[in-house]
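Worksheet: one structure, shown below.
The values are calculated or read from the model by the stated rules, or taken from the named source; none is laboratory data. Computed from a predicted structure; not experimentally measured. Please note: Cβ atoms are built from the backbone with ideal geometry, for glycine as well, and neighbour counts cover all protein chains shown.
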2 protein chains.
Amino acid sequence: MDRKIATIQDVAKAAGVSTATVSRTLSKPSVVAAATREAVLNAVAETGYRVNTTASNLRRQRTGSVIVLLPNIANPFFSQILAGLASVLTPAQYGMLIADTQSGPDPDQLLAHYLTSGQADGLVLLDGSLSPDALEHPGRPPVVMACEWMGRDLPSVRVENGRGAAMAVGHFAQLGHRAIGHVTGPRGNVLTEERLRGFREAMVSVGLPLREDWILEGDFSMDSGAAAARVWLAMKDRPTALFFSSDEMAVGFLGAVQRAGIHVPRELSIVGFDNIEIVQHLSPALTTIRQPRTQIGIRAAELLLDMIETGTRTGPSDVIEIEFIRRDSAGPPPVSR
Amino acid sequence: MDRKIATIQDVAKAAGVSTATVSRTLSKPSVVAAATREAVLNAVAETGYRVNTTASNLRRQRTGSVIVLLPNIANPFFSQILAGLASVLTPAQYGMLIADTQSGPDPDQLLAHYLTSGQADGLVLLDGSLSPDALEHPGRPPVVMACEWMGRDLPSVRVENGRGAAMAVGHFAQLGHRAIGHVTGPRGNVLTEERLRGFREAMVSVGLPLREDWILEGDFSMDSGAAAARVWLAMKDRPTALFFSSDEMAVGFLGAVQRAGIHVPRELSIVGFDNIEIVQHLSPALTTIRQPRTQIGIRAAELLLDMIETGTRTGPSDVIEIEFIRRDSAGPPPVSR
DNA sequence: AAAGTTCTTGTAAACGATTTCATTCTTTGT
DNA sequence: ACAAAGAATGAAATCGTTTACAAGAACTTT
């Protein structure tokens with residue numbers, strides 16, 4: 001009896017109706033008469049029928065899944081966004097396929113592949129360093145960028161990156177710092193550039209000297225934060241405050257300088273960006289800029305679903321508010337000197 | 001011309017062959033004559049044809065995706081495993097669907113849903129607290145457990161949890177500690193129980209007193225580590241060494257006690273479990289037990305693919321080796337007293 | 001009571017691949 | 001030179017749905 005899985009045919013037979021009626025009962029119950037509806041639903045329960053998504057997708061000319069392209073699946077920053085995406089995609093009956101752009105050889109090629117393969121009803125891009133060329137493809141599915149965005153008028157969900165940098169600089173200035181540096185993300189990345197721009201503008205706007213040798217390049221990773229620490233320790237003329245383009249770098253930096261005997265925030269103040277979960281548990285707890293990552297994921301998914309349903313290829317962009325979180329890693333500059 | 005996406009019919013027409021030949025050229029090139037093969041491949045390139053995965057899957061009675069069930073997608077511990085899974089699933093042309101068991105109302109129901117819905121060719125379970133009842137379903141797809149495992153003889157990939165605990169205890173004992181405590185994961189979780197058992201056995205085997213009030217319950221999270229710190233700080237008679245069932249808890253604990261002015265490892269030694277990326281960047285760098293998480297993901301995916309291809313529902317289990325990583329968070333016990 | 005409407009339902013044609021089976025064309029062995 | 005075996009191809013069925021269209025039934029409306 002339960003040998004084979006029931007098809008819509010079996011249900012139709014059991015209920016004494018046509019397959020069309022079964023299908024209608026399940027998708028638009030309102031158009032079928034109450035009596036038949038009940039008969040069908042009974043038959044469904046009886047046979048344990050589940051619609052075959054593959055067949056349904058084929059007929060409806062959709063795939064039922066959206067692909068998320070991200071630079072590194074193992075990065076906790078992204079997993080939070082994934083959680084947000086999943087929370088709206090799953091209820092909407094869309095599967096979420098995850099593809100790691102770093103794992104393969106050529107990220108741009110991977111993007112092109114997914115744009116042309118017709119394997120997804122939509123794409124979410126979390127990697128801002130992808131080249132937008134492939135987006136010219138005519139029949140491509142809708143695409144939404146989250147966090148990072150590219151030149152074209154691609155719908156995106158982003159945060160006020162520049163303002164975040166300005167908040168950090170403002171905080172340092174107010175505490176009395178005059179020697180402020182910055183550790184950036186990888187050059188070319190939109191987030192990096194945006195935050196760097198915000199940093200520069202804020203520095204001139206508060207009237208502080210902008211020293212290029214106090215702008216260190218990282219790549220958002222903890223390792224690159226630790227590397228920045230070695231550079232900072234080796235400087236003869238050090239900034240007393242550092243703004244990091246990511247919390248991860250701040251964490252790597254903090255651990256490294258602490259091991260070198262530096263006390264934060266007594267000898268050096270630092271501020272991160274993102275508010276990843278761990279930083280509140282550090283000692284000192286990290287002052288940072290909060291990005292509501294789950295929220296970003298949710299909005300991106302909503303935008304994408306809207307585009308998929310309306311069949312548009314463009315859409316609005318959304319800017320999500322950030323928040324300055326004052327903790328204990330930034331204090332007044334050292335008095336000596 | 002490029003208006004609509006090309007189907008296999010278009011390719012067949014362009015190459016002057018039947019659709020059957022096109023299909024064969026693409027799946028089993030060896031059975032078609034060299035000349036025709038070339039003609040078909042040219043036609044493919046010309047039309048920009050991509051096989052429609054949905055149609056292919058329907059015909060082949062498969063779904064082309066495996067579902068990964070995990071307790072919390074935002075947990076960095078799991079994302080590393082996901083990366084491992086993806087690295088073998090993607091090349092094998094399987095999509096990886098991720099489902100969060102914590103986000104919905106009833107985890108067990110979610111598992112049952114995926115087991116019966118026929119939406120996946122296989123399942124990977126990363127949540128050991130799921131009840132195995134649903135696995136009785138007759139036509140269910142193959143299932144592999146990673147990290148955690150359940151009573152039944154389900155194929156699984158796991159690590160030597162008990163031995164990990166023993167390594168930590170051994171290390172403490174060798175350093176001269178006599179008062180050793182343990183912070184566990186949530187009760188009922190297989191990992192928790194296994195490590196706790198290992199801890200207990202190791203304690204008696206090195207001949208140290210096993211004090212139940214020095215066994216604190218956590219839930220693997222940083223917050224629960226911080227909570228454990230408050231308990232430890234409030235104790236009149238404290239253990240001088242603590243073994244944590246997860247790095248996350250160790251991190252939460254470390255930050256909390258450091259803020260209370262405790263020096264690790266001078267006043268207290270700690271050892272974690274997992275070796276998550278961040279712990280090497282802390283100050284002090286955390287001594288811990290490394291689980292090769294990417295490796296676990298890879299093996300689980302390999303096992304699952306094998307089961308899918310051979311059509312078996314059982315398979316071998318695999319035990320992955322762990323490694324003790326000595327860093328700076330464990331030292332000799334304080335001399336005072 | 002005839003002519004329109006409005007509701008329900010069924011018939012059958014897609015959707016785009018894969019694969020069985022039969023057919024034609026080559027080889028090969030004797 | 002002829003039968004048998006092998007290789008390459010095509011015709012058509014099939015996977016399990018959804019949905020355009022048609023048709024019958026049940027009501028209105030005049």
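How about region A:304-337: which of its residues are closer than 30 Å to A:Gln174 by Cα and either assigned to a strand (DSSP E or B) or of a type in the set (Ser, Thr, Tyr) (or both)?
Within region A:304-337, A:Val319, A:Ile320, A:Glu323, A:Phe324, A:Ile325, A:Ser329, A:Ser336 meet the criteria.
I'd like the residue in region A:235-267 that is away from chain B (no Cβ under 14 Å) and aliphatic (A, V, I, L, M) and, out of all such residues, is nearest to the chain's Cα centre (by Cα).
Within region A:235-267, the match that is nearest to the chain's Cα centre (by Cα) is A:Leu242.
This table checks each residue for (1) touching a Lys or Arg at 6+ places or on another chain (Cβ under 9 Å); (2) modelled with pLDDT under 95; (3) more than 25 Å from A:Gln280 (Cα to Cα).
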{"residue": "B:Gly176", "(1), (2), (3)": "no, no, yes"}
{"residue": "B:Phe199", "(1), (2), (3)": "no, no, yes"}
{"residue": "B:Leu208", "(1), (2), (3)": "yes, no, yes"}
{"residue": "B:Val251", "(1), (2), (3)": "no, no, no"}
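Please enumerate the residues belonging to region B:33-49 that are within 14 Å of DNA strand D (Cβ to nearest atom) and among the small types (Gly, Ala, Ser).
B:Ala33, B:Ala34, B:Ala35, B:Ala39, B:Ala43
What are the residues in region B:184-209 that are among the basic types (Lys, Arg) and under 17 Å from the mean Cα position of the chain (by Cα), if any?
Within region B:184-209, just B:Arg195 meets the criteria.
Restricting region A:284-294 to residues that are facing chain B (nearest Cβ under 9 Å) and surrounded by fewer than 21 Cβ atoms within 10 Å (Cβ to Cβ), which is modelled with the highest pLDDT?
Here the residue is A:Ala285.
Can B:Arg178 be described as in a loop (DSSP other than H, G, I, E, B), within 15 Å of B:Ser269 (Cα to Cα) and touching a residue at least 12 places away in the same chain (Cβ under 8 Å)?
Yes.
Scanning region A:95-119 for residues that are in a helix (DSSP H, G or I) and surrounded by fewer than 17 Cβ atoms within 10 Å (Cβ to Cβ), which turns out nearest to the other protein chains (Cβ to nearest Cβ)? Even if it seems obvious, please write down each step before you answer.
Applying the first criterion (in a helix (DSSP H, G or I)) to region A:95-119 yields A:107-117.
Checking the rest, the ones that are also surrounded by fewer than 17 Cβ atoms within 10 Å (Cβ to Cβ) come to A:108-109, A:113, A:117.
Numbers: A:Asp108: 17, A:Gln109: 14, A:His113: 9, A:Ser117: 5 Å.
Only one residue tops the list, namely A:Ser117.
Scanning for something part of a loop (DSSP other than H, G, I, E, B), assigned by TED's automatic domain parsing to the domain that holds B:Thr116 and more than 14 Å from DNA strand C (Cβ to nearest atom), does region B:10-31 turn up at least one residue?
no
What's the number of the condition B:Tyr49 fails, among (1) buried (at least 19 other Cβ atoms within 10 Å of the Cβ); (2) within 11 Å of DNA strand C (Cβ to nearest atom); (3) at the interface with chain A (Cβ under 9 Å from one of its Cβ atoms); (4) not polar (S, T, N, Q)?
(3)
Of all residues in region B:223-251, which are over 19 Å from B:Leu196 (Cβ atoms) and part of a helix (DSSP H, G or I)?
Hits for region B:223-251 are B:Asp223, B:Ala226, B:Ala229, B:Arg230, B:Leu233, B:Ala234, B:Val251.
So A:Ala35 passes all but one of these: (1) modelled with pLDDT of 95 or more; (2) within 15 Å of DNA strand C (Cβ to nearest atom). Which condition number does it fail?
(1)
Can you tell me which residue is surrounded by the most Cβ atoms within 10 Å (Cβ to Cβ) among those in region B:252-273 that are in contact with a Phe, Trp or Tyr (Cβ under 8 Å, 6 or more places away or on another chain) and in a helix (DSSP H, G or I)?
My answer is B:Phe253.
Looking only at region A:52-80, count every residue that is facing chain B (nearest Cβ under 9 Å) and not in a loop (DSSP other than H, G, I, E, B) and tell me the total.
Counting residues in region A:52-80 that are facing chain B (nearest Cβ under 9 Å) and not in a loop (DSSP other than H, G, I, E, B) gives 11.
So is B:Leu89 surrounded by 23 or more Cβ atoms within 10 Å (Cβ to Cβ), under 19 Å from the mean Cα position of the chain (by Cα) and more than 14 Å from chain A (Cβ to nearest Cβ) or not?
Answer is no for this residue.
Just name the residue that is surrounded by the fewest Cβ atoms within 10 Å (Cβ to Cβ) out of those in region A:178-188 that are in contact with an Asp or Glu (Cβ under 7 Å, 6 or more places away or on another chain) and at pLDDT below 95.
If we filter region A:178-188 for residues that are in contact with an Asp or Glu (Cβ under 7 Å, 6 or more places away or on another chain), which is where we start, we get A:184-187.
Checking the rest, the ones that are also at pLDDT below 95 come to A:186-187.
On the way: A:Pro186: 16, A:Arg187: 11.
Filtering region A:178-188 for residues that are in contact with an Asp or Glu (Cβ under 7 Å, 6 or more places away or on another chain) and at pLDDT below 95, the one surrounded by the fewest Cβ atoms within 10 Å (Cβ to Cβ) comes out as A:Arg187.
So B:Arg140 ticks every box in (1) within 13 Å of chain A (Cβ to nearest Cβ); (2) within 17 Å of the chain's Cα centre (by Cα) but one. Which box is left unticked?
So B:Arg140 meets the others, but not (2).
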